[in-house]
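The structure appears below as structure tokens.
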Amino acid sequence: YFGNVTGSDLRTWCINHKWALVWVNFQSGACKDPRRMVDPVVLPSTTLKVTLSPTYVSAFSTLWTQASANWAASRINLANMTQWDTLVNESLTPGAGDALLWSSSAHDCVDYDNCIGVTHSEGTCACYAAAE
């Protein structure tokens, strides 16, 4: 759904409910990369403590626009693997490691119930601000 109308609707839903949105690389019924990628458009509407670099945000936006054009032209985005590979490559997209999350286990984060993963770059917990 990356770049298509359903993806845009999902973004809107997440923004309205203040939920972070993460994308996965799922192809032909299988997960191709166990990491999840934080959506920088949705992130500011949440309390998730993740800092994304301007370079990553710009690259994500550019590739979303390309994906949208592909979906509009042919109802499919055949470049999705190339787009994923660009966004997860720290050499091509500096700051990508801060946007990529690994699943966390109960012992990874002190506030496990409010966390959605650990960053690829430093292994820091990506957590929502605790409710007061």
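The values are calculated or read from the model by the stated rules, or taken from the named source; none is laboratory data. Source: prediction; values computed, not measured. Backbone-built Cβ (ideal geometry, glycine too); neighbour counts: all protein chains shown. These area figures cover heavy atoms from the full protein model, side chains too; ligands, DNA and RNA do not enter into them. Shrake-Rupley method; radii C 1.70, N 1.55, O 1.52, S 1.80 Å.
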Problem set entry | Value of D in µm² per second that Stokes-Einstein yields for the stretch 1-71, Kirkwood Rh from Cα pairs, at 25 °C (0.890 mPa s) | 191
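Determine, from the Cβ-Cβ distance of residue 12 and residue 51 and an R0 of 25 Å, the FRET efficiency 1/(1 + (r/R0)^6), rounded to the nearest 0.05. Could you put the intermediate results ahead of the total?
Values: r = 23 Å, r/R0 = 0.94.
It comes to 0.60.
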Problem set entry | Most fluctuating residue given options 96, 79, 30, as computed from a GNM of the chain linking Cα atoms under 10 Å | 30
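Got a number for carbon plus sulfur as a percent of the chain's accessible area, 1.4 Å probe? Each step should come with its number before you reach the end.
Values: 4300 of 7610 Å².
Carbon and sulfur together cover 56 percent of it.
Mind checking the per residue accessible area of the stretch 6-51 for me, 1.4 Å probe, whole number of Å²? Mind showing how you got there, number by number?
Values: 2620 Å² over 46 residues.
With the other protein chains kept in place, the stretch 6-51 gives 57 Å² per residue.
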Exercise. What do you get when you divide the Cα radius of gyration of the stretch 51-120 by 2.2 N^0.38 Å, with N the number of residues?
Worked result: 1.35
Problem set entry | Relative counts (whole %) of C-alpha pair distances in the chain, using bins that are 10 Å wide | 13, 42, 36, 9, 1
